[in-house]
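Written out below as structure tokens is the structure these notes cover.
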There are 2 protein chains.
Amino acid sequence: MADFSGQAGMRGYFAPSRFEADVYDCETTGEIPKDLDGAFYRLHPDWLYPPNPPDDIPLASDGYMSMFRFRGGVVDYKGRYVRTERFERQMSARRQLYGYYRNPFTDDPGVRDPEHPQRRTTANTTPVAHAGVLYATKEDGLPHRIDPNTLETIGPTDFGGAWKSQAFTAHPKIDPVTGEMAAFGYEASGLCSKDVFLAIFDRTGAVTREWRFEVPYTSMLHDMALTREHVIIPGGGCVTSLERLHEGKTHWAWDSSKPSYYGVIPRDGEAKDIRWFLGPERAVVHTANARTEGSKVILEAPAADANPWPWFEDLAGGQFTAPRNTLRRITFDLDSKDDRCTEEVLFEQPVTSFTRVDDRRLGLPYRYIYVQYFDLDRPSRAGSHPQLRYGANSFGRFDILTGELKSCFGGETHMLQEPSFVPRPGSSEEGDGWLIGTAHNPAEMRAELMIVDAPTMQEVARVILPFRNATQVHGAWFGAGELPLA
Amino acid sequence: MADFSGQAGMRGYFAPSRFEADVYDCETTGEIPKDLDGAFYRLHPDWLYPPNPPDDIPLASDGYMSMFRFRGGVVDYKGRYVRTERFERQMSARRQLYGYYRNPFTDDPGVRDPEHPQRRTTANTTPVAHAGVLYATKEDGLPHRIDPNTLETIGPTDFGGAWKSQAFTAHPKIDPVTGEMAAFGYEASGLCSKDVFLAIFDRTGAVTREWRFEVPYTSMLHDMALTREHVIIPGGGCVTSLERLHEGKTHWAWDSSKPSYYGVIPRDGEAKDIRWFLGPERAVVHTANARTEGSKVILEAPAADANPWPWFEDLAGGQFTAPRNTLRRITFDLDSKDDRCTEEVLFEQPVTSFTRVDDRRLGLPYRYIYVQYFDLDRPSRAGSHPQLRYGANSFGRFDILTGELKSCFGGETHMLQEPSFVPRPGSSEEGDGWLIGTAHNPAEMRAELMIVDAPTMQEVARVILPFRNATQVHGAWFGAGELPLA
């Protein structure tokens, strides 16, 4: 039975949602652009059963996918749990069976399987589409195929045996020129292993290249970047070990003494050609974009100076305080001998780590980074909610050519989540389109979706849900040409 | 498109819900009785599109059925719109097509059909089950068959042609001794007609007797009562006319000069045997129970001294003020010559009109009336919401033998709706079971379901939904033996 009464922090707006829903012809304000034809998908972590131990972290909670289907100025909404093996086993048992985040040794004996940690994934991180197929992804397991219209879970896939890793990143990257998808899995051969599997899929979804290599030390490899010539995989700071898991702890701790590292892999090279660049203590959780310019590989990303994870213990014993997190340029000089990267702060404005770009410019020269952030000059009453303290009240368009920041405020009682860029049909100019992103509104206990004209950063419409949503992790827009949408 | 921004009073807790939902293994507090095996169904009025004209009344809004399926101490929730012809046509048009409450002359020309007013029903009033079939009912149309497990709408039915009326009451009554169902339709042959069609269905659902007769004047006939020997149909106060409808007004007005009337129909008699008893201005919207004792037919019901409908204009021009509404005994002496009924107030405590009894005693000598009411001695912050002003904060068990009132308080921020009586499996004693009823909680923007031990009137458990619900009209419990529940 589902009794959350003993769960601290699970009341109010951010209590688990725990329901599947359909809204037909959503309530809207403003004018939904009639030429928006596609769907905005989001993945949310949403506990079906209360965590056990009770202090397990939100990253471990069950995956839930929602979609806003846009067509002819009308928006329909659908939300469904991702029917992972874990979800189904818990539904049958009618209780929480799984222990700490990515620690199978803490699971109920009936489901414990440390040799196959991918069986306990919750597929709660990023909606991904490639070759006309929609996936729910999470870096600790295989992607789950999802019907793009019904959101029914078809099941996990190893791409017909072509995927040689227990896990698959939540942030594969698609080359806008070739349609290829680059993806990797880490802890690829088992819990805490240093193994990484990397592969390129062609535009039809077939694996055409693959690599297997080891990282300097096992760490969270959450995102990646792609240039026309290189794959970049940032890591470091987070540490784990089998000893740690056997002690019954959550998967990661933070070790300030560890360098950050960046694997730079030539797309036409072999595993032996990988260069590992080192940097100071950093967390590059997400990337914005990257490019190769001659012998320099340039990554732009939000970077934090210290542990960005409130849930992961600091091995030095420090109390968690949110570190500075700003947009930076990290440069890897392939001609250098010392394998150290250099770093430049692009904007002093603190931001969240949820950056996005116009994906038509992925890996190419580009100009705009979109990210939600907290504009201290705008009134906000949302920050009074403890769970909103890492929140944001504005979407920002950061112009890396001019240094200009254009902003769109979400409302006094709103907490904004990652904006996604939606290209205007028929356009090709970078940044010509819209931003779409969630604005949680605890004051009215309802979630809203903002549609912002990206060139002007003016809000044009809002979709209003009649209920609150669980927080999302990531969202993604896929046009009617990218998925077989009904 | 659904833009409710211009709709006064359609914000906050009682904004239209407009979503279909499933909750698996609902969050609960307390202990759900393990021997509860069945489903609690509710019908809600819930605007799919904003009313047009904007001051149309809630009674006209789209029907939405919800169910709480209880089994083994676990509760699953489901909510679905009733797919009436009206709903489907509006979904296709993506706007409101229907005008004022029960006035087809105010409908969009494309759907206007005054000869068949039943085509515009919203089936939003009472879940009814008979002969193993579940129906969504409303007194202005035919009942809609509903799949008791999926809540899919199968469609309206005239019982294979056996039902000879455009409309069907939302309050048929089932004889607990014979399993027969008595039901009627009024305005049976057309808008504003005085015609009533009354029929008895046997326990298999076949019509075995039928009557056709006229009322003294056309009025709302919302409920009925059944004794072992008689059917009672109360009416009066509300008035209408084709002229009124042609003038573009809502169906009913209130005429204080009109007497109340009560049709008393012998179950083994003919239409010519019907007696019409008259009383003073009254509104008997719902009945509690009735019985025949020799030459006396006794009805017990909440009765209001004046217009109970805030939405229906007073033909005398008075401003609406909620009238006194108390539980009363109305007696019809079949030996009397003047055809006047007599009335006795059973309890001075004001109550809502939503009374229920242990249906195993329907038409028989009985003791307990259950109703929600506002206990002024209990703290309440819910009354500050304007839409809660007709609300209630407690369930009451009124003992008509001893005059005792036993009460169960629903919470400081809660508004309670009609309790339904659920017999304890294996019991036969009147009142041995539970009350189940909705407690809206605007403070947490969520609906809750209270389960109360009926003999002690102590709350034993609560089901907590993760969202608000539209107000219900009526709810009904059907055990696993009454419907083919999965």
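Once you put a point 7 Å from the Cα of A:Thr402 and another 7 Å from the Cα of B:Glu348, both along the Cβ direction, what distance in nm separates them?
Going from the A:Thr402 label point to the B:Glu348 one covers 7.8 nm.
Residue by residue through B:458-467, how many Cβ atoms from other chains fall within 10 Å of the Cβ on average?
Taking the mean over all residues of the peptide, I get 3.
Between rounded, prolate and oblate, where does chain A land on the alpha carbon gyration tensor, with a ≥ b ≥ c its root eigenvalues, rounded for a/c under 1.5, else prolate if a/b exceeds b/c?
Working: a/c = 1.28, a/b = 1.05, b/c = 1.22.
Since a/c stays below 1.5, the shape of chain A is classed as rounded.
Provide the FRET efficiency to the nearest 0.05 for the A:Ser193-B:Ser92 pair, computing r from the beta carbons and using R0 = 60 Å. Write down the numbers at each step before the final one.
On the way: r = 56 Å, r/R0 = 0.93.
Efficiency, rounded to the nearest 0.05: 0.60.
Please state the charge dipole magnitude for the protein assembly as shown, taken about the Cα centre, from unit charges on C-beta atoms (+1 on K and R, -1 on D and E), reported in debye and rounded to the nearest 20.
200 debye
For B:Glu429, tell me the accessible area in Å² from a 1.4 Å probe, rounded to the nearest 10.
130 Å²
Based on alpha-carbon centroids, what's the gap between segment B:296-330 and segment B:410-486 in Å, whole number please?
Result: 26 Å between the Cα centres.
Given a 1.4 Å probe, show me the residues in segment B:80-123 buried by at least 40 Å² of accessible surface when comparing the whole protein assembly to the chain alone.
B:Arg94
In peptide A:13-20, how many Cβ atoms from other protein chains are near each Cβ within 10 Å, on average? Walk me through the numbers on the way to the answer.
Values: counts 1, 0, 5, 2, 3, 11, 12, 6.
Counting Cβ atoms of other protein chains within 10 Å of each residue's Cβ and averaging gives 5.
Could you order A:Asp432, B:Asp377 by accessible surface area, starting with the largest, using a probe radius of 1.4 Å?
My answer, sorted largest first, is B:Asp377, A:Asp432.
List the relative contact order of chain A as a percent without decimals, with contacts defined as Cα pairs under 8 Å and 6+ residues apart.
It comes to 13 percent, rounded to a whole number.
Can you tell which of B:Val133, B:Trp211, B:Gly479 lies farthest toward the positive end of the dipole of segment B:12-479, using +1 and -1 charges on the Cβ of basic and acidic side chains (Lys, Arg; Asp, Glu)?
B:Val133
Give, in nm to one decimal, the length gained when the segment between B:Leu334 and B:Ala486 is fully stretched (0.36 nm per residue of separation minus the Cα-Cα distance).
Additional length available on full extension: 50.0 nm.
Ignoring ligands and nucleic acids, what accessible area does B:Ile464 show with a 1.4 Å probe (Å², nearest 10)?
About 10 Å², ignoring ligands and nucleic acids.
For chain B, with all protein chains present and a 1.4 Å probe, just round the carbon and sulfur fraction of the accessible area to a whole percent. It would help to have the intermediate numbers written out before the result.
Details: 8410 of 16930 Å².
Ligands and nucleic acids excluded, carbon and sulfur reach 50 percent.
What base-10 log of the normalised intensity I(q)/I(0) is obtained for the protein assembly as shown from the Debye formula, alpha carbons as equal point scatterers, at q = 0.05, 0.07, 0.11 Å⁻¹?
Listed by q, the Debye log ratios stand at -0.36, -0.65, -1.26.
Using the Karplus curve 6.51 cos²θ - 1.76 cosθ + 1.60 with θ = phi - 60°, work out ³J(HN,Hα) for each residue of segment A:42-57 in order, rounded to whole Hz, and write x for Gly and Pro.
Running phi through 6.51 cos²θ - 1.76 cosθ + 1.60 with θ = phi - 60° gives 9, 10, 10, x, 8, 4, 6, 10, x, x, 8, x, x, 8, 4, 9 Hz.
Determine ³J(HN,Hα), in whole Hz, for all residues of segment B:220-225 in sequence, where each value follows from phi through the Karplus function 6.51 cos²θ - 1.76 cosθ + 1.60 and θ = phi - 60°; x replaces Gly and Pro.
5, 10, 7, 9, 8, 9
Which order do A:Asp37, B:Asp358 take when ranked by solvent-accessible area (1.4 Å probe, heavy atoms of all protein chains), largest first?
Result of the area sort, largest leading: A:Asp37, B:Asp358.
Take a quick pass over segment A:12-479 and tell me how many lysine pairs come in under 24 angstrom between Cα atoms, counting only ones 8 or more apart or on separate chains.
So the count of such lysine pairs works out to 21.
Largest first, how would B:Ser353, A:Ser260, B:Ser5 line up by accessible area (1.4 Å probe)?
Values: B:Ser353 25, A:Ser260 0, B:Ser5 85 Å².
Correct descending sequence by accessible area is B:Ser5, B:Ser353, A:Ser260.
May I ask you to list the residues of segment A:177-198 whose amide nitrogen lies under 19 Å from a point 7 Å from Cα along the Cα→beta-carbon direction of A:Glu313?
Only A:192 fall inside the zone, counting backbone N under 19 Å.
Just checking the output field for B:23-35: average partner chain Cβ neighbours within 10 Å of each residue's Cβ?
Values: counts 6, 9, 9, 4, 11, 5, 3, 2, 1, 1, 0, 0, 0.
For this peptide, the per-residue mean of nearby foreign Cβ atoms is 4.
How many angstrom lie between the C-alpha centres of segment A:60-125 and segment B:121-145?
Rounded to whole Å, the Cα centres lie 38 Å apart.
Can you give the extra length, in nm with one decimal, that the chain gains between B:Val177 and B:Lys34 once fully stretched, where that is 0.36 nm per residue apart less the Cα-Cα distance?
Between B:Val177 and B:Lys34, full extension yields 48.7 nm more.
For segment A:12-479, with every protein chain kept in place, what is the accessible area per residue (1.4 Å probe, Å²)?
I get 34 Å² per residue for segment A:12-479.
At 0.36 nm per residue, and after removing the present C-alpha to C-alpha distance, how many nm does the segment from A:Thr326 to A:Glu293 gain when stretched out fully?
Full extension of this stretch gives 9.6 nm more.
Label B:Ser427 and A:Arg212 with points 7 Å out from Cα along Cα→Cβ: what is the distance between them in nm?
6.7 nm
Along the positive direction of the dipole of the protein assembly as shown (beta-carbon charges: Lys, Arg +1; Asp, Glu -1; about the Cα centre), which of A:Ser241, B:Pro323, A:Ala199 reaches farthest?
Looking along the dipole axis, the top candidate is A:Ala199.
State the volume of the convex hull built on the alpha-carbon positions of segment B:41-166, expressed per residue in Å³ and rounded to an integer.
Cα-based convex hull of segment B:41-166, divided per residue, equals 108 Å³.
Got a number for the accessible area of A:Thr352? Probe 1.4 Å, square angstrom, nearest 10.
20 Å²
The values are calculated or read from the model by the stated rules, or taken from the named source; none is laboratory data. All of these numbers come straight from a predicted model, not from anything done at the bench. Note that each Cβ is placed from the backbone with ideal geometry, even for glycine, and that neighbours are counted across all protein chains shown. The area values use the complete protein model at the heavy-atom level, side chains included, leaving out ligands, DNA and RNA. Shrake-Rupley method; radii C 1.70, N 1.55, O 1.52, S 1.80 Å.
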